[in-house]
Amino acid sequence: MKPFLALLLCLAFQLCFAGTIRMMQYNLMYYTTSAPSDCNTSGNYMNAKDENLKTIINYTLPDVFCVNEIGSQTAWIDRLLNNVMNADGRNYYARCPLTNFSGGSIANMLYYDSRKLVFHSYFYVTTSVRDINAYKMYYQSDGLAQGDTAFITFCIAHLKAGNTETDRNTRKTQVERLTTKLEQVGIDNYVFSGDFNLYYATEPAYQHLLFNNNTAFRFLDPINEYGYWNRNPQFAKVHTQSTHTSSGNCFAGGGLDDRFDFILVSPTLFYGTKKVKVLPETYHALGQDGLRLRGSLLSPANHTLPAEILQAMYDFSDHLPVICDFEITEPVKIEENRPAFFVNVQNPIKDELFIQLFAEKEALLNFEVFTIEGKRIDWFSARVSVGNYALSRRFDFAPSFYILKITNEQRETIVKKLIK
């Protein structure tokens, strides 16, 4: 075996696969009778909501279910748990504590599969609109008896709606309050999801989340869909609102033309530095095929899901749920001291090598590119402080397999395989 391939395999097996967590984020569109006057909540309203959502849950079976627009009283929280989550033979879903200190008729909540996850603790951030809720969970791993497991904190928000300058500034203030709280709590695995009501990536709230001055507490978009989302065909595959073209009875109209619903992750989850790693290839808006710009979920014809699932989603909410998986890894006992930096490489490469990294401490990093035979063909260095970084480098080499070796001043090394 070639020496560099042997090194690559050695480093790759320092972590072992333990399992996955499937997360679903969903705006429930007023799972409560305390709804605006244009919502007809009389008669069979809640029973119909239960049946439609149960159909969706039966199909998706998320391990973590983060929701917006659920009634802010315990009765609504428990109704969904008992009538939807723990229905059709299921009895293993549990819920987290409810808070509503900011007031209002709707709140956020997290439901979880208690066979996989255990609730650890929670905190909340009050804002002028609604609470932002954060729930810390840990994974039911094989090493739990020895005190070894993976933690992940799910932060859920329903940011201010509207497209005025005041609305945009309010959203920025809301997310600033969250990141300030996270800085107090410390670096960890954070997921930030919800109905963010963002129209484009240059909005102040999104800019703060992705480019916070404290680089250790920035968030990343797993699918890197950065741009002007509203009514833009380039982003039709990620639009999540609205499932209806006409408004009425709670539903917003206009068709699917906004990316309002998000799952963002902390650097630790993006790089997998704390036993949990996001799987970007699993991120998707359920029922979205990219073919319905300003159209409904049902028209033009939608072939992404069974017809009964699509109909249930259409009848239930004017938002699409967003789904993403996370991989749980556990260190093998022979693991040696690991480097204090973590690296992701975007493969396959075209004419530019794009590197994303997270540093736990200041370091001078040396980057070396080798052919598969071990010949060094490129070298460069970069000094980084604590936080998240993106680096790029021209890659004018023939299509082939290559190896990237990154080394710090302590000669700690990470090796990545490159494909062009």
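Numerical summary
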{"quantity": "Centre separation in Å (Cα based) which lies between segment 111-127 and segment 389-418", "calculated": "38 Å"}
{"quantity": "Charge dipole (debye, nearest 20) of the chain; +1 at Cβ of Lys and Arg, -1 at Cβ of Asp and Glu", "calculated": "740 debye"}
{"quantity": "Long-range amide H partners of residue 39 with built H, under 5 Å", "calculated": "250"}
{"quantity": "Distance histogram in 5 Å bins (all Cα pairs of segment 188-342, percent per bin)", "calculated": "2, 9, 17, 19, 16, 13, 10, 7, 4, 2, 1, 0, 0"}
{"quantity": "Selected from 273, 149, 164 as most flexible by GNM, with the chain as the system and alpha-carbon contacts under 10 Å", "calculated": "164"}
{"quantity": "Whole-number D in µm²/s for the chain (Stokes-Einstein; Kirkwood sum over Cα pairs; 4 °C, 1.567 mPa s)", "calculated": "57 µm²/s"}
{"quantity": "Longest site-free stretch - the chain; sites: GluC sites (Glu not before Pro), DSSP loop, at most 16 other Cβ within 10 Å", "calculated": "1-224"}
{"quantity": "Over 18 Å between alpha carbons, listed pairs 116/275; 54/160; 116/136", "calculated": "54/160"}
{"quantity": "Whole-number accessible area per residue in Å² for the chain, which is evaluated in the context of all protein chains at 1.4 Å", "calculated": "42 Å²"}
{"quantity": "Share of carbon and sulfur in the accessible heavy-atom surface of the chain [1.4 Å probe, %]", "calculated": "49 percent"}
{"quantity": "Alpha-carbon centroid distance for the pair segment 28-74 / segment 270-306, whole angstrom", "calculated": "21 Å"}
{"quantity": "Nearest 10 degrees, 0 to 90: helix 45-60 Cα axis against the chain principal axis", "calculated": "20 degrees"}
{"quantity": "Surface accessible to a 1.4 Å probe, residue 46 within the full protein complex, Å²", "calculated": "10 Å²"}
{"quantity": "Nearest-ten-degree value, helix 3-12 long axis tilted from longest Cα axis of the chain", "calculated": "30 degrees"}
{"quantity": "Under 18 Å from the Cα of residue 405 - lysines, other chains or at least 8 residues apart", "calculated": "2, 375, 416, 417, 420"}
{"quantity": "Normalised convex hull volume, segment 218-301, alpha-carbon set, Å³ per residue", "calculated": "105 Å³"}
{"quantity": "Segment 167-288 - charge dipole about Cα centre, Lys and Arg +1 at Cβ, Asp and Glu -1, debye rounded to 20", "calculated": "240 debye"}
{"quantity": "Segment 276-372: Cα Rg divided by the 2.2 N^0.38 Å rule of thumb", "calculated": "1.68"}
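The values are calculated or read from the model by the stated rules, or taken from the named source; none is laboratory data. Given the structure is predicted, the values throughout are model-derived calculations rather than measurements. All Cβ positions, glycine included, derive from the backbone under ideal geometry; neighbour counts span all protein chains shown. With ligands, DNA and RNA removed, areas are computed over all heavy atoms of the protein, side chains included. Shrake-Rupley method; radii C 1.70, N 1.55, O 1.52, S 1.80 Å.
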